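The values are calculated or read from the model by the stated rules, or taken from the named source; none is laboratory data. Values in this document were obtained by computation on a predicted structure and should not be read as measured data. Here the Cβ positions follow ideal geometry from the backbone for every residue, glycine too, while neighbour counts run over all protein chains shown.
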Amino acid sequence: MASLKALKIRIGSVKSTQKITKAMKMVAAAKLRRAQDAAQAGRAYATRLEGVVSSLASKVTVSESSPKLLAGTGRGQVHLLVVATSERGLAGAFNTNIVRAARRRAEALEAQGKTVRFYLAGKKGRVLRRFYPASAILHDADQSHIKTPGFADARVIAEDLTARYEAGEFDVAHLFYGRFVSALVQEPTEQQIIPVAPATTGAATAGTDAAVEYEPDEESILADLLPRNVAIQIFRAMQENQASFFGAQMNAMDNATRNAGDMIKRLSIQYNRTRQAAITTELVEIISGAEAL
């Protein structure tokens, strides 16, 4: 049985931890609103742009002059999984769910005989190094300096991915991130960003049967639109990730605060019982000594 001093020290330690988790919950809740507004504001544009380029991909006639970002390489052997996670932890299973989704996709591709590579965007995605050799990690992007994601940050990653794609380092790129649904729900999401995934038959024909006219010309439009789409999708993932991270962290810290409160109650009961037992023992000893005299 723990001594009174040890119990008192432990109660004090848990109370200190509870203060920290409560403060972190309040900070996450304060940052969540701004991150949520940013994610929701950019979602409509990113979704619409994705639909436009997907529609173009479903109409393109593959030829040697077709942009690779739109038509693909024609091989599909090497798949790159871009795993976007947060730089910090203490957010429950948020990062773990994203990594798990990427691993499941990797296992499915490897079962089909495909070669899988990883592009890590976020410190918590480095856990994949435990499961895959160094040769499988194509790049580890340093994002420790990013406090609030901006389009310039996403464009740096997009330009790097595009350059590697043009150099033939991979054939297909899949993006993994946590889609923000609510403060309580964050969904691990997979999205093909390179090359553009053609729209499904129903989506492609819904309101897009008209012929596509390019102004000033097709090459100029696609040369700007396709790389921009990659950057926009990565930017959306970064915004969604930040909102999801703060929501997950707020919930995790709330649970930690509640658990700390329950532990304090249990330790306080144990402390009181131990103290009462010590007092009773002392009284018995005093009474026994008095009767002996």
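Taking LYS8 as the residue in question, decide whether it is modelled with pLDDT of 85 or more, within 30 Å of GLN270 (Cα to Cα) and buried (at least 19 other Cβ atoms within 10 Å of the Cβ). So LYS8 fails the test. Whether a residue is in a helix (DSSP H, G or I) and surrounded by fewer than 15 Cβ atoms within 10 Å (Cβ to Cβ) was assessed, and SER135 passes this test. Look at (1) under 19 Å from ALA173 (Cα atoms); (2) in a loop (DSSP other than H, G, I, E, B) and you find that LEU56 fails only one, number (2). In segment 75-84 there is at least one residue matching the filter, namely being among the basic types (Lys, Arg) and either closer than 21 Å to VAL172 by Cα or at pLDDT 90 or above (or both). The residue list GLY289, GLY261 contains one member that is part of a helix (DSSP H, G or I), surrounded by 10 or more Cβ atoms within 10 Å (Cβ to Cβ) and either outside the structural domain of THR85 (by TED's automatic domain parsing) or without any contact (Cβ under 8 Å) to a residue 24 or more places away in the chain (or both), which is GLY261.
Do we have any residue at all in segment 106-115 that's touching a residue at least 40 places away in the same chain (Cβ under 8 Å), surrounded by 15 or more Cβ atoms within 10 Å (Cβ to Cβ) and in the same structural domain as ALA237 (by TED's automatic domain parsing)? Spell out the reasoning first.
Initially, segment 106-115 is screened for residues touching a residue at least 40 places away in the same chain (Cβ under 8 Å), giving none.
No, because not a single residue in segment 106-115 is touching a residue at least 40 places away in the same chain (Cβ under 8 Å), surrounded by 15 or more Cβ atoms within 10 Å (Cβ to Cβ) and in the same structural domain as ALA237 (by TED's automatic domain parsing).
Does HIS174 fit the bill of being modelled with pLDDT under 90 and either more than 16 Å from PHE245 (Cβ to Cβ) or basic (Lys, Arg) (or both)? Considered against the rule, which asks whether it is modelled with pLDDT under 90 and either more than 16 Å from PHE245 (Cβ to Cβ) or basic (Lys, Arg) (or both), HIS174 comes out as no.
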